[in-house]
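None of the figures in this text is laboratory data; all of them are computed from the coordinates on show. All values reported here derive from a predicted model rather than from experimental measurement. Note that we place each Cβ from the backbone using ideal geometry, even for glycine, and neighbour counts take in every protein chain shown.
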Amino acid sequence: MKTEKIKKLKPSSLFNNSKFILLFSFVLSCFFWVAFASQSNEISTVIVTDVPVNVELSEQAKHDGLKVYRGDDIKVSVQIRGNRLTVGSVSKSDLQVVAQNTSSITFANTYALGLTTRKIGVKSDYEVISISPSVINVSVDKERTQNFTIEKNINTSEVTLPVSDSDDHTEYYLAKPVISEDHVTVSGPEQEVKKIATVQVYDRITGKQSENISKTLDVQLLDSDGEIIDNDLLAISPQKVNMTIQILPKKEIPIIPQFKNVPEGINVEELFSVKPSQITVAGTEDILDSIDYINLDPVDFNSLDPTKTQITCSISLPTGCINISNEEQARISLKMNNYSSTVVTVSNIEVENVPIGYKADVSTKSLSVSVAGPTSIINQITSDNVKVRVDLSSLANGFEGSQELPAEIDLSELTNCWCFNEYTVNVSIKKS
């Protein structure tokens, strides 16, 4: 077994190495500098910058809802003096700058507070000479949160719309702006929130537009003079909203009244006129192509009094349509010059569908029935022309006692006449 020979490192050879000599000199110089500096009594002045200020409100102020909105983020410079080595190692984490006289803060206002410094690090053999600035302004207020409706201040007066090639709807309609949020929440100092008069989104759109307009707009706060409030203490949610304006084709669509329970022989087309007779509607191409007219809710002749010649009906549009005319109701005018009404007293009241084994007695001895129709017929009507029937089939099996039931009015013997209003008859039922 061979034994490896280890060469011994001679000290003389290290000092022949230039890199070693350089490193050795640096270490030796640092050692002597520290030794001399620690024994030196030389006084030095140093400025420590970016020291944060601590503003601590009293418990009573916090209980009253007060909060610091400006001044607690200020950073100051602190000038210290002491042993050169000591003050050279002091950093901003070794100092605490505190606002004084915070107990004087009892209501919303801006306060001028003096500053003082505390030593919070392990090093303490130095003195604080000055703080710059030595006084800060602190704004204190209660927090307020308020909801506002967003007003749409969108100027589209200079927009040019295209012309459609379709024969049915040759013009386009610029719809009203729609925003993704109708309300906004603003939080911040109470006095600042109170300055807000309105909240809006603003834009001015010009030029030729052929497709739906979509934009993201900033929410703006305005004071009572209409000036924009730009205050970094106010938190706005949401800060932006999406705005869309549809560009849709439009079309003139007729309004058609509807009637039900029309007496045989009456041509309703000759009896009415409607206003408006048509409205302008905007919508997508496929929706407009599917609409030829708009039907109103049916007018029931059984409730039609010929002395009341004006009937108002709501105009209902299909989903996806916009009523450009802003006509929400139609007025039907009835031409009832040759029609009148009379009241006929009927004593003969018939009962139908009496259960087997039971007997029905009509407690109502007579019924006053309002009949309408052409005046020439109404003048000749007698009680014999009007029949009243009561159907008992709606009663539960085995029912006994008195019951008020709907009366059916039969005017089959009268031409072009109808009965209006609803009637009931009291019937007593018992086993026979």
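Observations
- Counting neighbouring Cβ atoms within 10 Å and putting the fewest first, the residues Cys417, Cys313 line up as Cys313, Cys417.
- Mean separation of Cα contacts under 8 Å, 6 or more apart, over the residue count of the chain: relative contact order %: 9 percent
- Dipole-positive endmost among Gly398, Ile236, Ser366 within the chain (Cβ charges, Cα centre): Ile236
- Set of segment 326-367 residues, backbone N closer than 12 Å to the point 7 Å along the Cα-Cβ line of Asn426: 362-366
- Gain in span if fully extended, Asp64 to Thr345, counting 0.36 nm per residue against the direct Cα distance: 93.3 nm
- Summarising the label geometry, the points placed 7 Å from Cα in the beta-carbon direction at Val178 and Asp297 lie 2.6 nm from one another.
- Extension gain, Ala235 back to Ser290 (0.36 nm per residue minus Cα-Cα distance, nm): 15.0 nm
- Under the combined filter of DSSP loop state and at most 14 neighbouring Cβ atoms within 10 Å, segment 228-284 retains none of its trypsin sites (Lys or Arg not before Pro).
- For the chain, built as a Gaussian network whose Cα springs stay under 10 Å, the top-fluctuating residue of Ala396, Ala372, Ala407: Ala396
- Cα principal axis extents for the chain, largest first, Å: 146, 82, 64
- Gaussian network model of the chain, Cα within-10 Å springs - most flexible of Thr284, Thr49, Thr149: Thr49
- At full extension, Ser224 and Asn155 could sit 22.7 nm farther apart than now, given 0.36 nm per residue minus the alpha carbon distance.
- Per-peptide average of other Cβ atoms within 10 Å, ordering 99-111, 136-148 highest first: 136-148, 99-111
- Working note: Karplus 6.51/-1.76/1.60 with θ = phi - 60° gives segment 70-82 the couplings 8, x, 7, 9, 6, 10, 10, 10, 10, 9, 10, 9, x Hz, where Gly and Pro are set to x.
- Interchain or long-range residues, amide H under 5 Å from Val351's placed H: Val390
- Förster radius 35 Å - calculated FRET efficiency between Lys365 and Asn261, Cβ distance, rounded to 0.05: 0.80
- Between Ser393 and Leu317, the FRET efficiency from the beta-carbon distance, with R0 = 35 Å, is close to 0.30.
- Cα centroid separation - segment 351-419 against segment 148-218, whole Å: 61 Å
- A Cβ-based charge dipole, computed about the Cα centre of segment 181-322 with Lys and Arg at +1 and Asp and Glu at -1, lands at about 200 debye.
- Springs join every pair of Cα atoms under 10 Å in this Gaussian network model of the chain, and among Val68, Val268, Val354 the largest mean-square fluctuation is at Val354.
- Scalar couplings 3J(HN,Hα) for segment 43-52, obtained by applying the Karplus form with A = 6.51, B = -1.76, C = 1.60 to θ = phi - 60°, are 8, 9, 10, 10, 10, 9, 9, 6, 8, x Hz; x denotes Gly and Pro.
- Cross-link pairs Lys176/Lys275; Lys67/Lys240; Lys75/Lys119; Lys75/Lys142; Lys62/Lys142 - those with Cα-Cα distance over 19 Å: Lys176/Lys275; Lys67/Lys240; Lys75/Lys142
- Each residue of segment 243-251 was assigned a 3J(HN,Hα) from its phi angle through the Karplus expression (A = 6.51, B = -1.76, C = 1.60, θ = phi - 60°), giving 10, 10, 10, 7, 10, 10, x, 10, 8 Hz with x at Gly and Pro.
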